[in-house]
1. Hey, could you check region 1357-1396 for residues that are within 14 Å of Ala1424 (Cβ to Cβ) and free of Cβ contacts under 8 Å to residues at least 24 places away in the same chain and say which is least open to solvent (accessible area, probe 1.4 Å)?
2. Would you confirm whether or not region 1318-1336 contains a residue that is open to solvent by less than 10 Å² (accessible area, probe 1.4 Å), at pLDDT 85 or above and farther than 18 Å from Pro1469 by Cβ?
3. Identify, please: which residue in region 576-588 is open to solvent by 10 Å² or more (accessible area, probe 1.4 Å) and either of a type in the set (A, V, I, L, M, F, W, C) or modelled with pLDDT of 90 or more (or both) and is, among those, farthest from the chain's Cα centre (by Cα)?
4. Go through (1) touching a residue at least 24 places away in the same chain (Cβ under 8 Å); (2) open to solvent by 10 Å² or more (accessible area, probe 1.4 Å); (3) in contact with a helix residue (DSSP H, G or I) (Cβ under 8 Å, 6 or more places away or on another chain) and name the single condition Tyr1466 misses.
5. Within region 1109-1131, work out how many residues are crowded, with 16+ Cβ neighbours inside 10 Å and without any contact (Cβ under 8 Å) to a residue 24 or more places away in the chain.
6. Quick one: in region 344-364, which of the residues that are in contact with a Lys or Arg (Cβ under 9 Å, 6 or more places away or on another chain) and not hydroxyl-bearing (Ser, Thr, Tyr) is farthest from Arg778 (Cα to Cα)?
7. Filter region 1398-1423 for residues that are assigned to a loop (DSSP other than H, G, I, E, B), of a type in the set (S, T, N, Q) and open to solvent by less than 60 Å² (accessible area, probe 1.4 Å) and give the result.
8. Do you know which residues across region 542-562 are in contact (Cβ under 8 Å) with a residue 40 or more places away in the chain and either under 19 Å from Ser585 (Cβ atoms) or of a type in the set (S, T, N, Q) (or both)?
Amino acid sequence: MRGIILALALSLVGSQKSDIDPGFSSRRSHLYSYEGWVLNGLQEKNLGKAGVRLSCKLEISGLSENAYLLKIRSPQFEEYNGIWPRDPFTRSSKISQIVSSCFTRPFKFEYNTGRIGNIYGPEDCPNMCINIVRGILNMMQITIKKSQNVYELQEAGIGGVCHTRYIIQEDKKNSRVSVTKTVDQNNCQEKVMQSVGMAYIYPCPADVMKARLIKGTAAFSYKLKQSDSGTLITEVTSQQIYQISPLSEPTGVAVMEARQQLTLLEVKSERASSPDIPMQSYGSLRYQFPPVLPQMPLQLIKTKNPEQRIVETLQHIVQNNQQDFHDDVPHRFLELVQLCRIANADILESLWRQCSDKPRYRRWLLSAVSATGTVEALKFIKSRIRNDDLNYLQTLLSVSFTLHLMKADEQTVPIAADLMTSSRIQKNPMLQQVACLGYSSVVNRYCSQTSACPKEALQPVHDLADEAVSRGREDKMKLALKCIGNMGEPASIKRILKFLPISSSSASDIPIHIQIDAIMALRKIAWKDPKTVQGYLIQILADQSLPPEVRMMACAVIFETRPALPLITTIANVAMKESSLQVASFVYSHMKALSKSGLPSMYNISSACNIALKLLAPKLDRLSYRYSKVMHIGGYFDNYKVGAAGDVFVMNSPGTMFPSAIISKLMAYSAGSVADLVELLGWKELPTETPLISAYLKLFGQELGYLSVNKEVLQQVMKTVLEPADRNTALKKIASQIRNGIAGQWTQPVWMGEMRYIVPTCTGLPLEYGSYTTALARAAVSVDGKVTPPLTGDFKPSQLLESTIQIRSDINPSLYVHTVATMGVNTEYFQHAVEIQGKVQTRVPVKFDAKIDMKLKNVKIETNPCHEETEIVVGRHKAFAVSRNIGELGVEKRTPILPEDASSNIVQEPFKPSERASSEGSTMQGADSMEKKQASCPQEDLRHSPERKTHKQDICIKLHHLGCQLCFSSRSRDASFLKNTYLHRLIGEHEAKVVLMPVQPDADLDKILLEIQAGSRAASKIIHGVNSESEEEDESPLHEDIQAKLKKILGIENVFKEHHEIYQYRFKSAHRQEFPKRKLPADQLNSADSSAKSSHASSQPASRLKFLGDVQTPVLAAFLHGVHNYKKIGGLQLVVYADIDSVKPRIQVFVSNLTDSSKWKLCADASVLNAHKAAAYLKWGRNCQDYKISTELVTGRFAGHPAAQVKLEWPKVPSSVKSVAEWFYKFVPGAAFMLGFSEKMDKNPSRQVRVIVALTSPRTCDVVIKLPDVILSEKAVRLPLSLPVGPRIPASELQPPIWNVFAEGPSAVLENLKASCSVSHNKITTFNEVQFNYTMPANCYHILAQDCSSDLKFLVMMRNAEEAMNLKAINIKLGSHEIDMRPASGQVKLLVDGVESPTKNISYVSAGASLQIHSEDQGLVLVAPAYGIDKLYFDGYAFKIQVALWMAGKMCGICGKYDAECEQEYRMPNGYVAKDAVSFGHSWILEEKPCTGACKLRRSFVKLEKTVQLAGVESKCYSTEPVLRCMKGCSATQTAPVTVGFHCLPADSATSLTDKQAKFDQKSEDIEDTVDAHIACSCENEDCSA
């Protein structure tokens, strides 16, 4: 037993690891060689790369037990800018000289058991040098665990505290230890990084690690030598990789590779002495960013004497951008921004004094300062505003740019708050809006960097909200809530609740649109505190007493908080019990849209919505577009980890047929991040007594501005248009400008975007990814105008419609957008990076003379022909490896990433036989053959050789008669032959141009003339033979002459000779169903033939008429001529005919070449052939006969469903059009497969495509697409909105013009939108199509339909007629008229304002024709569209009223509100919903005074005749709703049971029905019971005093 214990003890001792913690002897000096380098570029070889290498000797000597001295000797910097790995590093003496100065003095560091402690260095040591030292010492950071050989931990290093894995291998025989350390730099607890311009990009909650754009890792290999004196590091190698995939492609990545090598050279037995220079602590190994943001990695700038540099840069920009953009202006502007960042307040003030009186210098300086984002810049702008140095536009732009681009920190926030509250800003509403929204964005960025947002930062906006509530200012409430929404801080929730009725009783008086703004203000807060926000919003959604618009917005915001399944189930439960169909439809469609989302971040909510939808009734899916909807469109490409989603919220108001709000938003997803790109409220209907329309714009989740248009604004606009100019300052200024002309030149930066992401490399050098975009706009304007008759001081703008206006204009607008993406090392001394540059420049020079005769509808425009080449659009794209250093300013090394000798795609390489390959060694046969091949391809030039590949394309459209040609050219050479990724396609050189070039014209041109003539004079402009005198002659004979000449001039005598039979479709045409061909009996056949022949001569011209010019004059004529010596030469002519008021509307367009020798023409024709068919064609070529494309649209039935068919035919088209179509056709099968279509190979007509769409249900359709060789089909394709499938209107009932072309579609939609209410006997159908039975009490008028708006346009009442119970009588109050219709002797008697009309063939028209009444069938029809009544029919038995669309939501009465809310149809005058139809009908009885009218009923509260036990207490109960009772002194002869609610009190309570203070209608409802309501009375002792 003792032996076993001893063996175990020995084995345990043997298994323990010896002490291998590395260290340095305090009595010795260790000499190491060090080399570290960084390279940036693509991962493939033989491409351009840029980098830097540092090599030196390191001497480490002991000072004390754990303190050591580090000396860096002979540092040498080498640059790399070339083709890797072919080209070598080159020594850079300039960098070595500059940087070595900071390494002349020693450094000190603490080191204990492999762990680096504090680092000390000279007091004035540059930040970059300290970080390089950290990179060197980081190689010595090692954590040894004595009991494990493989382990993981979070270890501190130069890049932060990151996940690290160790593997230790011991060679005890040779006393050596190998350690492998790997660092996952994607998994760090405290990652060292710095970002700029990314505050509005948020991480996705799902799959964040997997989808990052930038990924990094590092591997270290250590060799340790053990000895009696300890363990010494003899060799360390490290390799670090950072890769970025801009498009999240698996293989399309750019790579930064850093390597280090540390090798022990010598150990000396000497001890170092403490340095005699003062040292300061620089902290631990953790990388430290400089206090000032590094320069942009686009250029190196010397920062000495910034004022002089700024002045020089301003001079260069202004002087070199007078006529056009200089090519370097984006770089110069960024240089100006960089210099302004290092300028202090005194320098900026000095610059302002020099530039304030020079508009061009002043404009560039303000733009640059606004884009710097520094404290000094903000103070400078604030000072300019306080001193009133800026005009309105400059103030608006400066404040907006400064606040949205500035760095948000504890210094800038108070200054921004002071700017927002300054008096100059507060005086102007627009400036206040921009400043407040900008300040709230500053707070948002500032608080995103802190754990708790300081109260002081939020206070200015909170004060604005408190002031708005206390003063009741709606405009201030809106502004405060939008600012709170921009800030997105949970501390603002209490302020928001003041505007919501769930917690504030006074909030119920706040307008609905303000409550909606309050809910929207919770959206960003929900990102930080979703639970709290969800709690408030679910209360709002569940509260059915709140307006539907408020509740729908609450629903939209809840789903943005990404709720979990329990909350989504709660929302579904609310929708199940929902009485408002608007809200129910919105909730259902929103959940339906989310359930189909394929975005990874929406997976949980998508699956939860799928489950919750099963709780809801499927009928909600069939609700039409009258109900609120949510539409979701999006896609996600998992291979690229990129996607986009768009949502459209359509919130319909019960009070109108138009949406009360339409909100559209677009979000982008990329590599685990999400950004709200843009959000737009395109329409928001607000109360008519205040604003009418409100709209806002959001970018990246921040609201930039909003606009509200109210009645006062519209009235002011109308007043400006109608009143004389001398009463309006703006109009006087415009009139003066027109008389004096407008001239000027304006150049302005309009955008500067900067995004930067900086991380340290293992070498201590920073790796920066950046994107910089600059947009500049320029306009040179010279406009002279003349108005005849001249404008006087009291002219009105409407007088311009009777004037002749002459304009001489020379306008040259241009836009320059420049973008640079970089990846590389960026320090204050050198920059080595990969740059991808792209620029787009557009110029649209416009120089013309115009004469506009408004009275004669004539426009003449003259311009010069092309004399020089003008680049309309130019786009260039290049990728370089760039190296710069501060010692050689102005000299930068550039190497194309894709070198000129890059290998081409091997697929395109030809195979060369041995004998041919050898013979080609001394000949140029290959080149010759290549040239021949190129010559045969004029449009696309694919130039490839064994060395390179270039894609070239040139397309030109020549207009010889105008001396111009428009050319598109492109050049492209990329690296896609290496890997077919989007990144490799970006690498290389690309260029595209759209150029307007001169071409040798047919004759010398002096100018180009465009003349447009509309109206009756168009024909005379076409015919040269008709002089001005003939226009004043009698038009009847002239008309025939004009038409004949027109046909000859247009050259269309032969165009209309073709006649095609209608193709017989498989589906049944609606027209053929309605007008089928019938076979005549044999005895009628001969007579029919003879009659047809006899009428052939008269009918043929009408039936075969095809040229509208035979019966119509042209509505528009336009001519484009060349002019030489005042004579017109060639050109083009356009003529438009239109007949839109006939039974078969038609339009024809003719374009012809005016050259005598040319017969080229273009003819277009579109017509509606009948109520179910439309056709169009396009012909062109010689006399319009060479090429043709035609299309037909027919409606009918397909498989028993209403359907539409579109047929496209192309009998002959040019080869270029055919090639484009064939290219597109290749993608059709794949696209159809992705969309879920079925394919069936079939032989169809080779030059025809047919598409059939059949509406199988309001939300689904079947689609069949017949292509020449395949049929694609898909059943039950879901539609985004529900379409009405209503009864078809016969074509015979359609009135011309037939613009509602197809009765199956638009007519059904129109009929579905128009609502009607009908009464037939005791059956009532409301506007919302709710049917119920109701027996009207005798002799009492009921309010049937009434305009319940403040206008009260009409009132329709009905009662039982005295003649019989099944007959009715109606009374209509319409404006100042009162109309009675009552049955009498089997007819309907009409009384208008008490005057009886004849009983037969009634035809009454009021003054002004606003009211019309006429007989129809057995009754009367009333039409009063101006009052909102489209048609009212009454025959004594049946009643039907149809109101206008704009009356939706404004109605009340027994016919309902016309608001599509079927669940709330029984709404009584007091606003409550009745419990049954009888109570509902009784509530709309019109009471009369006792003894004066025939109605003896009145509504009163009643007591329940029985006592009830309520909560164990005997109680008496009183109705909370009035019930019909006979008047005092009358007795009931007939009753009807009604269900009402009761409020109960203790039986011994003193309250009674006579107690006027009881107010039972305001009491709570305790029970529900049935009582008898009186519906007929006998009055023998009626009390007339009641």
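The values are calculated or read from the model by the stated rules, or taken from the named source; none is laboratory data. Computed from a predicted model, the values in this text were never measured in an experiment. FYI the Cβ positions are ideal-geometry reconstructions off the backbone, even for glycines, and counts take in every protein chain you see. Protein only, heavy atoms only, side chains kept; ligands, DNA and RNA dropped before computing areas. Shrake-Rupley method; radii C 1.70, N 1.55, O 1.52, S 1.80 Å.
1. The extreme case among them is Val1392.
2. The answer is yes; a qualifying residue exists.
3. The initial filter retains those residues of region 576-588 that are open to solvent by 10 Å² or more (accessible area, probe 1.4 Å), namely 576-579, 581, 588.
When the remaining residues are screened for being either of a type in the set (A, V, I, L, M, F, W, C) or modelled with pLDDT of 90 or more (or both), the result is 576, 581, 588.
Working: Met576: 32, Leu581: 28, Tyr588: 23 Å.
If we take residues in region 576-588 being open to solvent by 10 Å² or more (accessible area, probe 1.4 Å) and either of a type in the set (A, V, I, L, M, F, W, C) or modelled with pLDDT of 90 or more (or both), then Met576 is farthest from the chain's Cα centre (by Cα).
4. (1)
5. Result for region 1109-1131: 0.
6. Kept after step one, since they are in contact with a Lys or Arg (Cβ under 9 Å, 6 or more places away or on another chain), are these residues of region 344-364: 345, 348, 352, 355-356.
Subset that is not hydroxyl-bearing (Ser, Thr, Tyr): 345, 348, 352, 355.
Details: Ala345: 30, Leu348: 25, Trp352: 23, Cys355: 20 Å.
By that ranking, first place goes to Ala345.
7. Here is the first cut: in region 1398-1423, the residues assigned to a loop (DSSP other than H, G, I, E, B) are 1398-1402, 1406, 1410-1411, 1417-1418.
So of that shortlist, the ones also of a type in the set (S, T, N, Q) come out as 1399, 1401, 1406, 1410, 1418.
Correct list: Ser1406, Ser1410.
8. Within region 542-562, Asp543, Leu546, Pro548, Glu549, Met552, Met553, Ala556, Phe559 qualify.
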